[in-house]
Structures are given as C-alpha cells and as structure tokens.
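Since every read-out is calculated from the coordinates, none of them should be taken as a lab result. Everything numeric here is computed off the predicted structure, so don't read it as measured data. Cβ placement follows ideal geometry from the backbone for every residue including glycine, while neighbour counts extend to all protein chains displayed.
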Amino acid sequence: MSEPIVVQSEKYHSDLKSADSVCKLWFYFSMLWFPIFTVFGFIMAIKFFVPTFLVDAAWLTFGRIRPAHVNGLLFGFLSSGLIGIMYYIVPRLSKAPLYKPNVGKFAAVLWNVGVIAGVLMILGGDTQAREYAEMPWIVDIAIIITLILIGITVLGTIMKRKEHKLYVSLWFYAAIFLWFPIVYIIGNVVWRPPTGALFGLTDSVINWFYGHNVLGLWFTPFGFGLWYYFIPKLTKRALYSVTLSLISFFALAFFYTGVGGHHILQAPIPEWLKTIAVSTSALMMFSVLTFGANIGMTIRGAWHGIFSNVPLRFILFGFINYIFVSIQGTFQAFRDMNLYLHFSQWPVMHSHLALYAAFGIAIMGCMFWLVPRITGKKLYSKKLMDVTWWITFMGFITFMAGMMLAGLVANSSWYAHLTIAQTLPVLQPYFILRAIGGGIVVVSAFLFAINIIMTFLSKPLVHHKNLETYGGAKQK
Amino acid sequence: MSELEKKLEEELEKLEKAIKRELKIIEKKAHHDNLFPLMAAGLAVFFLMVSMVVAAPYMFLLDVPPSDRAHEYTELETEGRSLYMSLGCFYCHSQQVRLSDWGIGNASLEGDYVYDSPHALGTERTGPDLAQIGGMRPTVWHYLHYRDPRSVSPGSVMPNFDFLSDHEIEALTAYVQHLGQENLEVDDSITGGESYHPDVPPEYVNASNPFSPLMMQIIASYDAENDVYNVDASIADQWATIFNSGKEIYTQRCLACHGCSGNAQGPYARHVVTQPANLNARISTFPGDYYHIWRVAEGVPGTAMPAWGLSLNDTEIRLVAIYEMSFVLGSVRTISGDISDAEGDDYAMNVLNEPGISGTAQDFENGKAIYALYCAQCHGDSGQGDGPASVTTSGGYITPEPANFTESGSDFPNYGRWVWKVKEGVETTNMPPWKWALTDEEIYQVIFYEQSFSTPEDYNAKWATQYSDAFGSNLKTVTTGGIGLNIAATTSILAGIVLWNLQYRKLLKILDQNKLKKLWYMSPFRRRFYWI
C-alpha cells in the first residue's frame, strides 16, 4: 500500500471538502488549547520552587491547576488534534465522503465545550479526584456521547468505503471507537454519578485500568494511525509489512489493555494482578517493536527527509520518542525498577515524554503539513515553523533533563533512607531547570499557535483546483 | 424455435445470471477487505484482558474486611476528606506505605482502604506519604501548616491554604489526624491484662544492647552499706562515657516529649495527640532490649514518636536505650559528684564566674517559666529537690536525690560551678547537659530564678552583688524593699491627689469655655467631689 491515489474529479474534491471542514473545526480547538494549557503547566513548574506563587485562591492552588493542565491538554489539545487528523485520513483512505459530516462537527463542538466545562468545574472544585478521570459526571456523559457520535462517522465512512483494501490506519481508527467508549464507561464508573468512584482498592484498580488505557487504547492507536499514514506518505515509501502491523494491532488490543496495574505496583493489590500488569507491560513490546520496525523499515533510505521537510521532522521525532517512551515504560514496570523510580518526578517525565514529546510534537508536525492543505492557503511562515522546531527541541531537552534529574536525585536519596523533607532542598536547581525548559515549551506552543492561526486567517491562494497539491511541501 | 431451444435458452440465461452473481460475490470477496472479523477479534482479545484486569480483581476485592487502621469517617472527617480530594492534595501526597518504605509506618494492607471512595493512593511523593500520618504531629501544627507551611516546615514547597475558612481547616485536620491511626483497644483475654506489645519484626528479634552486660556487672558490684560500686576506675570511667553519650543524645532528641526525667512531661508533650510514653512505667514492661531498640529505631506508628533510625546510627540508638534504663533502674553513679564540683570550680576560675544578665524582673520571669517547664519535674516547685519524679516523693524514681536549692550554700560556692553543672550536667546522674537544649541566656535566667530559693543571707552574700539591676540585687532584701515600697506608694498617692486637683481645675476651665458650666455644677459628680 502506497499513498492513496488521488482521483481528480470534482465530486471527489467536494466530498473531501466536507471532511476537511470537520477536520478544521477540531484543529481550531486543538491549537487554542495547546498554548493555554501549557501555561498552566508552566505555572505549576514555578510553584515547585516559589511555593507562595499564586496561592490566594482555591482555583490557583497546585492541586487544582494540575488536573486542569492534564485534562486540558489530554482531552483538549491532544484529542482534538488527533481526531482532526483522523478526519483527514479516514475519508482519503476510504476513498469515500465522510459519513454524516455534520455529526462530526457537532461532536467537535460538544467535545470541546465538555472539555472546557470540565476544566472550569475542576478549577472550581467539582472534581471526581481520580487521576485522568477528574471530569465530573455530566462531562463524562457528554464525552461518551461524543465518542459514540465520532464512532458513527468513522465506522460509517469505513463501511461505505470505495477502496477495497483496508489500510492499517483504518483498523486502528475503527477499533478505537469500539474499545475506548467501554474503557471510558468502566474507568469513570459512570453508573455511580455523584462520586464516579468505587470503594478502596477496587477503585484504584479501575482508575488505573482507565488511566493507562487513555494512553494505550486512545492516544496510541491514534498515533499508530497517524504514523502509519503520514510516514509512508511524506517519505514516499510503501509500508514495509502488513503482517507486522497485524501483530502490532492484536498485541495492542490484548497486552496494552492489561498494563494499568503497574501504576499501583507497590500498593496492596492482589499479587496476581501485579504479575499480569508486569508481564503485559513487557509483552507490550511486541506491539511497539513490530510497529517501530515496520515504520523503520519503511523509511529506510529516506531519512534525509528530516532535513528538508520540517513537518516530517516533527512527525518522525514524535515517532522516535514514542518508541523510546514505550521501551522506558516497559522497563519502569518491572518490579525492582518500579520500586526505585516510583513516586518521584521521573514518572512525570515519562508521561510528558509520551504525551508531549511523542503525540504533541507529532500533532504539531501534522498540523503544519495539513492546515495549508485543508484550507487551500499558504503556511503563514515557513521560517517561523523552522524556528518553532528548534525552540521545541531545545525546550524538550531542558524540560526532560530537569524532571529526569530531579527524579533520579530524589529516588536515590530515598533509597538511602533520606526523608522527603531532607531531599526537597536538593531538588531546587532541577525544578528551576524544569521550569526553564517548560517556559521554552510554552514559547514554542505560542509560536506554533500563532503560525497556524495566521495561516487560517490569511487569504486563500487563487489558482487552485486540486486540494492535494497546494500549500507547503511540493507533492507529485 | 422449438420448445427445446426455448428451454435451452432459458436455462442458459439462468446459468449466465447465476455465473454473474457468483462472479460478483467472488470479486467482492477477493478485493473488498472485510472490517468485521478484524474488529470482532480485536474486541474479543480486549474483553478477554478486561475480564482479567477489571472483572477478576473486582470480584477478588469484594469482601475485604477492614483492617485495624481503617475506620468509618465521621461527618467532619468526611468533609475534610472531600476537601483533601477536591484541593488535589493526593497529587503530591501518596497514601500507601510500601514494604520497602522505612520509618513512615507499617506496610499498607488491603483492608486499610475499605472506606475510601474515591481512593487516594496517589502516584507522587513531592510531599511525604500520609497513609499513617494521624497523631504524628500536634493538631495545632496542622493548623499552622495549612495556613503557612513554611512556618513549621522550613524547606516545604507546599502551597499556602490560607484561603480556607477556619471550619474547613478544622475538617481537613480532623481527616488527616485520623489517617491510619491504629485501633489500640486490645481484648484483655489476649494479653491477660498485661500491657499490649505488638510483635517485633524478625530483623529485631535478635537485637541486643552491647552496653547491658557492663551495666549489669556494675550493678552487681553495688555495696549497699557504703553506697558505692566496687569496680575499677577504668570501668567506672568507661560507664560514665557511655552514660553521658546516651544522655547527650537523649537531651537533644527525646527530652522535648519524654521530659528530662522520662515522665512524659516534656514541653512538647502537651501538644501531641497521643501522650508520649512515661519511660519509667513503660520501659519496665518491655519484654527485652530488642523491643526497646525496635521502638526507638522505627518509631511508633500513629504517634509523634519518630523513626530515629533515620537520623541515629545503631550505636547511638543503643546508647540512648541504655541511658533510658536509668529511669527504671536508677542511675548507676560510678563517678562521684566531687569530680563535677572540681570541674565547675575550674570553670569558674578560668572561664566565667559572673552572670551574663543584669538580673531584671523580666529575667526572673523567664527563668521561672523555664524552671517550671524543665526543672520542676525533679527539683520541685519550691526548689527542694522534691519534684514528682524525684526519689524523695512517693512514686518518684530519680536517684540520687536532685539538688535542693534552699540549702545551696555549700553546693554552689561560686557562680561558675552552678553554670557548669547546668550546662554540662552532672556525670552519671540524670541531670542533663542543658547546653544542648537551652541558650546561655536562658541558663543564666533559670539560675537566677533558682537562686531565689536560697536563704536571704546566702543570696545576699554571694549573688546579690553580681546583678547590676536593682531587682536582682534587692531580690532578698525584704525589709528595705518594704520601706521602699511604702515610700513609693505614699509618694504616688500624694502625687495622684495633686495631679487630680490640677486636672480638675483645668477641666473646669474647658467646661466653662464651652458654656457647660451650669450643667457641670448641677451634676451629682461635681457636688460629690466639690470638697477637693
């Protein structure tokens, strides 16, 4: 399977236009949430070494800002961006018009209104207080409805497709909307509206089943779909192996589902559950390595693309980070490693490596590449895009280094039986380093958003007939 | 066209249609991938795993009985817990003690969490683990800590929660103060009415105190007739070194709660939620040295007793344990008081023989407060060496008899010796080296107060002249003081009358100016005082 063949017909383009308008709508929200909620993260980073910074109201306190930051970026920026990209890919791979585009638009609005309402409610104290599942019940319901609506449009498009072959990306996109609504309903305990929680350890088991599957069965399949589509397309190479991708699909469905327990590996949950969590975390490598090998073999001979093609550079950097973070995650899940690395800033670094450095940066690349194409406008500034890349990269290095060092210093101190209070002052320089890195990331987020907004606002190019050929990098 | 041909044609047509239909199906099968089997298989493996990691644990954890540490939350605690969750405390404070964790309580059990919804296990320890924090700190500490964390914990990075109302802080404290507190009510039928002692962890079962044999050897050599220990001078010195090292650590670490006499009357004791152990009563019930060592090294969960193993090494823990034995067995006095007397005189001669304070009334008051806090347990409220812990009082156990300040004439011939004894303590007795707990100024102040117990002759001969302030120099000059007071009182009364008179005339003038004179003259107040 190479890139989808472009059929040069009026009908085809008008069909795609309807899908692209849905895609655009999701992108609007995504690019807004990115700079806004990274600022929340920056505020938190400052609070680590200036604890009296913004403490005058409940909604400004660390424990409120953190879930707002996490939910805003996960469900606002990342999910909107990834869903938008999906709405670009699915009709093209199906060679069919998007099934019920208006439902897709409605879903975009409902989803993002839900997210912003949820974040505001969390800031106001109306939180269910379970990590990654903080959104209040009413927002949970809105999100479940949205998931079903998006599922209808995506599965409908795939069912009514004209392309005979079912490309890998479509497997993942179809499967997400079968898996994730179930995960979401179980994880948020929606049958208990007031608390959204069960009792005791059962609650923690279900919380982390959900918490990790937000990554495993939501972001990861989106990322797989995106990388399986864009990397062959942008490097102009055919996908190396369908068999490998089949292994990655089933390994994801089976092993990734079970890894949640490794978040509470030191808690008194049943031992056999810990064993399942550790072994599935290890076996998860089947999925990641087959995927990595497949993509790696696909790009062979085309690595030079990262020098010439900036969006590809973003997307590939995200891909590499994804492989790194998965390997890291597997090792972290082993009991002894977990014992050593747990509770510090290291896991925070791990989650940022996954969500920001892998998916966030990939979304940035995709939007740089897609927005000119779906709007029929020229990218506002290619130079700014290039600058954004370097700022992102520098921010990434500093940011990750700060958290990694803080984590390792804390862990090694605790390992030597030093208490938390004794360890905290030593961590200050690393907290400051993290805030500097985080600040650079915020700057890159703003530059990115400015570039995309200016692209949306600029005048369309006049002489275009083919949606596939205008904009950024030249296509054949 | 014959019938046969017609029939054949019809058959052919049918055949053609069938072939076309078949071909269509074949074509469809050949080229159009089917989504359904893939999705069905994907969902099947997904559900298989969900049943393993969600349904199975759910059933497995359905009937977990609550542990001794779990309790149903009261209304106030529930309110506090919901604040704890909504303010996101659990993002920085975990609530799970791991098997490998040390000094923050016992490893968490399944039953610890049965009343928690939602759970608060947490994933980060930016702040300390709170699973068993209840009772570890005074309630007032929590109040201060929420308002301004750095006022009680200087290195903390916790945000201030000054925006909370008093009631909210009360609720939050109620929740945190009851986290992981053990149910210590033990059925008498199990212990046979004896004190309850939990099982000692295996690594401590064989722990022994290397200093015990020496102590037992010295005690065995006690000659009751002459009140001396018949041991070599080298052994006596060795014991004094061990005892003083233990005492020094005790003064620095333990005295704040357990008090200098071990009777749980330290200055901090009144602020902690759980009363500290009275060492005299408690240690005598310990099953052995290993138990004592375990308690000191790992602390007592649910109380303010910290895990000293975090900051003391094994030898130090054993030293302090052997010192604490003196609260049960009495101090083994192998070094006579003469030696510390001589050291004190040396100090007076070469270093200091004058008080570092001028002897004001404020000094006296400060000294009195410190005396009540620290010294009165042994030396008594009236300074006669008859405090509640002193052996001279019934139920007391501090031997030898603490100093009696009312007859201090011979004990303290000079100021330097007094300072020396307070600062350095007295060898092989329970008198602690106070330089580890008090500042020099506080020591001078408390000595000033103690001097007030001595007889007037003694005081005036030795101490009165050392104080530059009139209060100190005249402390015991009762008669002159009385005359002075009389003169002062009379003078002030006379001065008051004169002043009042002047004031009254002035007042009249003002009132006159304000044309209220008439009213004033009519008032009963004026008539009453008109004679002035």
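Per-structure values
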{"item": "Nearest-20 debye value, chain A charge dipole, Cβ charges on Lys, Arg, Asp, Glu", "result": "1760 debye"}
{"item": "Cross-link pairs beyond the 29 Å C-alpha cut-off, checked among A:24/A:165; A:162/A:382; A:105/A:378; A:160/B:14", "result": "A:162/A:382; A:160/B:14"}
{"item": "10 Å Cβ neighbours from other chains, averaged over peptide B:151-157", "result": "4"}
{"item": "Kirkwood Rh and Cα Rg combined as Rg over Rh, evaluated for region B:337-476", "result": "0.94"}
{"item": "Positive-end residue of B:238, B:212, B:302, charge dipole of region B:199-329 with Cβ unit charges", "result": "B:302"}
{"item": "Separation between Cα centres of region A:125-164 and region B:34-111, rounded to whole Å", "result": "24 Å"}
{"item": "Distance histogram in 10 Å bins (all Cα pairs of chain A, percent per bin)", "result": "4, 20, 32, 28, 12, 3, 0, 0"}
{"item": "Tensor-based shape of region A:272-429 (alpha-carbon gyration tensor, a/c under 1.5 rounded, otherwise prolate or oblate)", "result": "oblate"}
{"item": "Mean separation of Cα contacts under 8 Å (6+ apart) over length of chain A, as relative contact order %", "result": "16 percent"}
{"item": "Candidate aspartates and glutamates - alpha carbon under 19 Å from residue B:6, same-chain residues fewer than 8 apart omitted", "result": "B:16"}
{"item": "Dipole of the protein assembly as shown, positive end: most advanced residue of B:344, B:73, A:320 [Cβ charges, Cα centre]", "result": "A:320"}
{"item": "Residues A:244, A:234, B:494 arranged by fewest to most Cβ contacts within 10 Å", "result": "B:494, A:244, A:234"}
{"item": "Ranked packing of B:350-360, A:283-293, A:363-373, A:301-311, most packed first, by mean Cβ within 10 Å", "result": "A:363-373, A:283-293, B:350-360, A:301-311"}
{"item": "Potential extension, residue B:3-residue B:372 segment - 0.36 nm per residue separation minus Cα distance", "result": "119.5 nm"}
{"item": "Cα-based helix-to-principal-axis angle, B:314-324 vs chain B, degrees rounded to 10", "result": "50 degrees"}
{"item": "Ascending count of other beta-carbon atoms within 10 Å, so fewest first, for B:473, B:284", "result": "B:284, B:473"}
{"item": "Assigned charges on the beta-carbon of Lys, Arg, Asp, Glu; region A:344-476 dipole about Cα centre (debye)", "result": "760 debye"}
{"item": "Area projected by the alpha carbon convex hull of the protein assembly as shown, averaged over all directions, nm²", "result": "70.3 nm²"}
{"item": "Region A:228-345 - Rg (one decimal) and Dmax (whole number), Cα, Å", "result": "16.9, 52"}
{"item": "Theoretical gain in end-to-end length, residue B:20 to residue B:414 [0.36 nm per residue, Cα-Cα removed]", "result": "129.2 nm"}
{"item": "Farthest positive-ward along the protein assembly as shown dipole, Cα basis, beta-carbon charges - from B:23, A:332, B:493", "result": "B:23"}
{"item": "Calculated over region A:112-259: convex hull of Cα atoms, volume per residue (Å³)", "result": "125 Å³"}
{"item": "Loop sites in region A:133-204: chymotrypsin sites (Phe, Trp or Tyr not before Pro), DSSP, at most 11 other Cβ within 10 Å", "result": "A:191"}
{"item": "Quotient of C-alpha Rg and 2.2 N^0.38 Å, computed over region B:199-329", "result": "1.09"}
{"item": "Other protein chain Cβ atoms within 10 Å, averaged over every residue that makes up A:61-69", "result": "5"}
{"item": "Proximal charge balance of residue B:238 [Cβ under 14 Å; K/R count +1, D/E count -1]", "result": "-3"}
{"item": "Expected 222 nm ellipticity per residue - DSSP helices of 4 or more, -39500 (n - 2.57), all of the protein assembly as shown, to 500", "result": "-19000 deg cm²/dmol"}
{"item": "Cα long-axis angle, helix B:289-298 against chain B (0 to 90 degrees, to the nearest 10)", "result": "70 degrees"}
{"item": "Region B:42-152 - Rg (one decimal) and Dmax (whole number), Cα, Å", "result": "17.1, 57"}
{"item": "Scaled radius of gyration (Cα, divided by 2.2 N^0.38 Å) that region B:361-417 gives", "result": "1.19"}
{"item": "Helix A:137-159 axis, angle to chain A major axis (alpha carbon atoms, nearest 10°)", "result": "30 degrees"}
{"item": "Hull volume in cubic angstrom per residue (convex hull over the Cα atoms of chain B)", "result": "406 Å³"}
{"item": "Only Lys, Arg (+1) and Asp, Glu (-1) charged, at Cβ; the protein assembly as shown dipole about Cα centre in debye", "result": "8000 debye"}
{"item": "Relative packing of B:307-317, B:397-407, which averages over residues the other C-beta atoms within 10 Å, highest first", "result": "B:397-407, B:307-317"}
